[in-house]
Each structure stands twice: as C-alpha cells, then as structure tokens.
Amino acid sequence: MPVFVYVLSLAVFAQGTSEFMVSGLVPGIAADLSVSVAAAASLTSAYAIGMVVGAPVMAAWSARWPRRRALASFLAAFVVVHVVGAVTTDFSVLFATRVVAAIVNAGFLAVAMSAAAALVGPARQAGATAVLVAGVTLSCVAGVPAGAALGEWAGWRSTFWA
C-alpha cells in the first residue's frame with residue numbers, strides 16, 4: 001500500500017475525531033460560552049448538516065481540480081476553521097465553523113477516496129478504501145475519547161487546537 005494512502009487516512013482520522021469530538025466537550029462549551037447544554041450539543045448536528053450538504057456539493061465543485069490542490073485546499077480550510085473555532089467567544093461563530101469544517105471534510109473525503117483508489121491497481125482499491133475509512137473508525141475508538149480527556153484536562157478549546 002502506498003504511504004500516501006496512510007497519510008490520507010491520518011487526515012481522515014483527524015477529521016473524524018473533529019466530527020465526533022464535540023460529544024465529549026458539550027458541558028465545557030456550554031459553560032464557557034453561556035449557552036444551554038442542548039445548544040452546545042447542537043454543534044454535533046451542525047457538523048452532520050455540513051456533511052450531508054457538503055458531500056455532493058464539494059465533490060461536484062472540486063471535480064475539475066487537480067487532486068493534490070483539492071486535498072491541500074480542503075485540509076487548509078479545515079485547519080483554519082478549527083483555529084477560528086478555538087479562539088471564538090461567540091457561539092454562533094462556533095456553530096458556523098462546525099458547518100464549514102464538515103463541508104470541507106466532506107470534500108476532502110470525496111477526493112481522498114478517489115485519490116486512494118487511483119494510487120493502487122484495481123485489485124487493491126478495496127484495500128486502499130479500507131485503510132482510508134479506518135481513519136474514521138480509529139477516530140471513534142481513540143480520537144474522540146482522547147479529545148474528551150484533553151478537553152476535561154485543558155479545556156474544550158485545547159481539543160480544537162489538537
């Protein structure tokens with residue numbers, strides 16, 4: 001398996017962790033931003049909405065881009081919105097960053113799937129896809145609990161920085 005498939009899987013791990021990490025950070029976000037726990041929990045829904053809307057839109061929008069440019073652009077945007085999320089004191093801004101993060105995550109995932117498949121022969125495409133998707137699975141098993149522990153220890157913003 002080409003090393004780049006594992007690099008893509010690492011990025012998918014980070015994005016998968018981001019997708020689900022808020023579940024362990026809700027009380028801290030609610031207290032820090034003076035919103036209800038229910039409002040803070042809606043950040044998970046914001047991400048889900050972004051993924052649903054973002055997947056087809058970003059896949060179509062980036063279809064003509066070179067894969068490296070698309071992957072780098074989506075990943076850079078993902079980092080920027082997390083920085084904004086980590087420093088904001090406004091819940092509506094945080095909500096918006098979750099939607100945008102999900103949209104660029106969806107775009108990244110769409111391009112990464114095709115890139116991983118293109119890096120290997122037809123006989124290894126399923127394996128390359130499995131390595132890529134393993135990033136999401138590992139994020140649920142390791143990234144989200146680690147993010148919750150970090151958030152409890154150093155505050156919810158630290159998880160966004162990480």
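The values are calculated or read from the model by the stated rules, or taken from the named source; none is laboratory data. Keep in mind that what you see is a predicted model, and the values were worked out from it rather than measured. As a convention, Cβ positions derive from the backbone with ideal geometry for all residues, glycine included, and neighbour counts pool all protein chains shown. These accessible areas exclude ligands, DNA and RNA; they are computed on the full protein's heavy atoms, side chains included. Shrake-Rupley method; radii C 1.70, N 1.55, O 1.52, S 1.80 Å.
Extension gain, residue 84-residue 141: 0.36 nm per intervening residue step, less the Cα-Cα distance, totals 17.9 nm. At a 1.4 Å probe radius, carbon and sulfur cover how many percent of the accessible area of the chain? Roughly 72 percent, rounded to a whole number. All other residues whose Cβ lies under 15 angstrom from that of residue 25 are scored, Lys and Arg at +1 and Asp and Glu at -1, for a net of -1. Compute the Cα gyration tensor for region 89-162, then decide on rounded, prolate or oblate, letting a ≥ b ≥ c be the square roots of its eigenvalues: rounded whenever a/c is under 1.5, prolate when a/b is larger than b/c in the other cases, and oblate in all that remain. Verdict is oblate for region 89-162.
Hey, could you get me the Stokes-Einstein D for the chain, Kirkwood radius over alpha-carbon pairs, 10 °C and 1.306 mPa s, rounded to whole µm² s⁻¹?
Details: Rh = 16.0 Å.
It comes out at roughly 99 µm²/s.
Once C-alpha pairs closer than 8 Å and six or more residues apart are averaged by separation and normalised to the residue number of the chain, the relative contact order reads 40 percent.
Note on residue 92 and residue 126: with the Förster distance fixed at 41 Å, the Cβ-Cβ geometry gives a FRET efficiency of about 0.45.
A Förster distance of 30 Å, applied to the separation of the beta-carbon atoms of residue 1 and residue 72, puts the FRET efficiency at 0.90. Heavy-atom accessible area with a 1.4 Å probe sorts 100, 12, largest first, into 100, 12.
Compared with the dominant principal axis of the Cα atoms in the chain, helix 125-138 is inclined by about 10°.
Considering only 142, 115, 128, the mean-square fluctuation computed in a Gaussian network model of the chain, springs between alpha carbons under 10 angstrom, is largest for 142. Relative to the longest principal axis of the Cα atoms of the chain, the long axis of helix 144-154 makes an angle of roughly 40 degrees.
Do the sum for the chain: with -39,500 (n - 2.57) for every DSSP H run of n ≥ 4, divided by all residues, what is the mean residue ellipticity at 222 nm, to the nearest 500 deg cm²/dmol? Don't jump to the answer; show the numbers that get you there.
Numbers: 8 runs with 133 residues, N = 162.
Helix-only estimate at 222 nm: -27500 deg cm²/dmol.
Based on every Cα atom in region 1-50, Rg and the maximum pairwise Cα distance Dmax equal 14.6, 48 Å. Using the average count of surrounding beta-carbon atoms within 10 Å as a protection proxy, the listed peptides 64-71, 18-25, 1-8, 78-85 rank, highest first, as 18-25, 78-85, 1-8, 64-71. Taking every protein chain into account, the accessible area of the chain amounts to 49 square angstrom per residue (probe 1.4 Å).
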